[in-house]
Amino acid sequence: MEAISSFFDQHVDPHVRGWVHTPPDPHGDVLVLTHGAGGNCDASLLVALAEAFCGHGYTVLRCDLPFRQERRFGPPFPGKAERDRTGLRNAVAAMRKSMDGKSEGGKIFLGGHSYGGRQATMLCAEEYDLVSGLLLLSYPLHPPRKPEQLRTQHLPNLRTPSLFVHGTRDPFGSIEEIKKALELIPAKKELMEVDGAGHDLGFKGKVQVPSLPARIFSKFDEIFG
């Protein structure tokens, strides 16, 4: 049975806030997961993924981005995106510190859904050695119905190995569009397509695809294991 505990680090700004999943037999690797613009760290997709990874020995932190810590509802402000990236950096640092001395050679991975994943790529494009790999769920390539507003400017600087998980019916980018965008990334990258899924990857409210977290972990382990 996994142990889940509240996790608050009040010694940094922005604070780290979220939940830690601790496996009974940890192998030393860590995954930090964060949410999209409309959610928080309790999103059903993140919970399901945390449980799947924890079941395979990963210590997992589900964390709220700074904009969500400041207000319970509403989207992030574009002008504060850098603060959200700092929050992710602090979360990675907190987990690295918490794992010091507990294992040798443990790796830290960073993942996020939509906006959270985009901020993770932007952070790693600036700090290529921050984490060992990225798990990017429904990368928001462009706003719906606005394919000309691409969010790809930083991708040529992304040198962190990455797994992109994308639904075939995602209005934020078609499979063809995401494949073209991935060509800009000089690092190792893989695309996992989820047939018939939209931007929520089938995890809207209580409606879930039970097999998806295991499939994502299997693909992740194939690449990074």
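The values are calculated or read from the model by the stated rules, or taken from the named source; none is laboratory data. Please read these numbers as outputs of a predicted model, since none were measured by experiment. Don't worry about glycine lacking a Cβ; one is built from the backbone with ideal geometry, like all the others, and counts go over all protein chains shown.
In this structure, is L163 in contact with a Leu (Cβ under 6 Å, 6 or more places away or on another chain) and at negative phi? Yes; evaluated as a whole, the condition is true for this residue. In the stretch 184-225, the qualifying residues are those that are free of Cβ contacts under 8 Å to residues at least 12 places away in the same chain and of a type in the set (D, E, K, R), and the one that is farthest from P140 (Cα to Cα) is E222.
Looking only at residues of the stretch 1-40 that are under 14 Å from M95 (Cα atoms) and of a type in the set (G, A, S), we find that the one that is modelled with the highest pLDDT is G18. Residue check: A181 meets all listed conditions (1) free of Cβ contacts under 8 Å to residues at least 40 places away in the same chain; (2) more than 17 Å from the chain's Cα centre (by Cα) but one, namely (1).
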